[in-house]
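Let me begin by presenting the structure, written as structure tokens, before commenting on it.
Values in this text are rule-based calculations from the coordinates and carry no lab data. Keep in mind that this is a model prediction, so the values were computed, not measured. Counting neighbours? That spans all protein chains shown, and the Cβs are built from the backbone with ideal geometry, glycine included.
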Amino acid sequence: MTGLVVATLLDREGKWLADSSSRGIGVAGAALIELTSDGVLTLDPAGNLAPAGEPVANPILAEVPAWVVGRKPKKAIEHLTGVRLPRTRAEGLIIATLADLAADRVLVEQKGRAFGVAPVTRWVPGPGHEMLDQIRESMRRVLLQGETPDARVAGVVAVLSGLGVTHKLFPGENKRAITQRAKQVAESNWAGEAVQKAVKDVQAAAAGAAAAAAAAAAVGGGS
């Protein structure tokens with residue numbers, strides 16, 4: 001699921017639909033959702049993440065349990081996205097996931113320059129993009145036609161809803177309707193307690209990051 005979240009946070013031209021802070025929150029949340037859905041993590045009676053017994057199926061997430069066990073989901077997301085040189089753990093997960101998607105030819109890396117000066121990297125659909133097309137089509141049916149999602153699609157929608165970017169998936173469509181439908185999916189009974197808690201904490205963390213960014217912009221604009 002983490003790979004699907006990373007892939008769907010890119011538009012068809014390889015541009016990110018969310019800023020770097022929000023991407024980190026989304027991937028951190030997706031990792032927790034994937035691990036709890038797979039039975040690797042659960043919540044103990046105190047509400048902290050704890051081992052649930054199953055091995056980690058996604059090698060990219062192999063170290064995540066050791067990083068988050070003993071923390072509440074919100075604190076785990078903060079830990080994964082917290083400042084750490086040379087990059088946050090969430091940024092490391094994004095880099096590894098992009099490399100994995102490129103190895104599977106789902107995405108292709110393209111390097112260029114913005115305005116002919118600043119170097120930029122974009123990740124565009126590759127020869128093996130059928131998986132990405134399928135998930136986008138499933139999301140279109142869920143968000144635009146009201147179809148009931150399976151757990152995988154619901155998880156991706158929930159994360160993107162928490163980041164406030166679901167409407168960007170379908171430019172030209174009714175933004176408000178898509179946002180409301182995505183919120184409805186995120187709040188539906190599609191997963192267990194630990195997963196739902198992770199989704200709520202993604203939403204809270206994203207809202208906090210947005211508020212902090214707005215405050216910083218206001219300070220900068222007033223100086």
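Observations on the model:
- Sum of -39500 (n - 2.57) over DSSP H runs of 4+, divided by residues of the chain (222 nm, nearest 500): -18000 deg cm²/dmol
- A simple packing score, the average count of other Cβ atoms within 10 Å per residue, orders the peptides 61-68, 113-120, 166-173 as 61-68, 166-173, 113-120, with the highest score first.
- Spin-label model, K15 to N189: label points 7 Å out along the Cα-to-beta-carbon direction sit 4.2 nm apart.
- Note: relative contact order over the chain, using C-alpha pairs below 8 Å and six or more positions apart, is 25 percent.
- FRET efficiency for R105 and E137, using Cβ-Cβ distance with R0 set to 22 Å, rounded to 0.05: 0.70
- K72 sits among other residues whose Cβ lies under 12 Å from its own Cβ, and their net charge, with Lys and Arg +1 and Asp and Glu -1, is +2.
- Cα shape, the stretch 47-146, gyration tensor, a/c 1.5 rule: oblate
- Prolate/oblate/rounded label for the chain (Cα gyration tensor, a/c 1.5): rounded
- Environment charge of T8, counting only residues whose C-beta is closer than 12 Å and scoring Lys/Arg +1, Asp/Glu -1: +3
- What the Cβ-Cβ distance of T121 and E63 gives, at R0 = 35 Å and to the nearest 0.05, is a FRET efficiency of 0.90.
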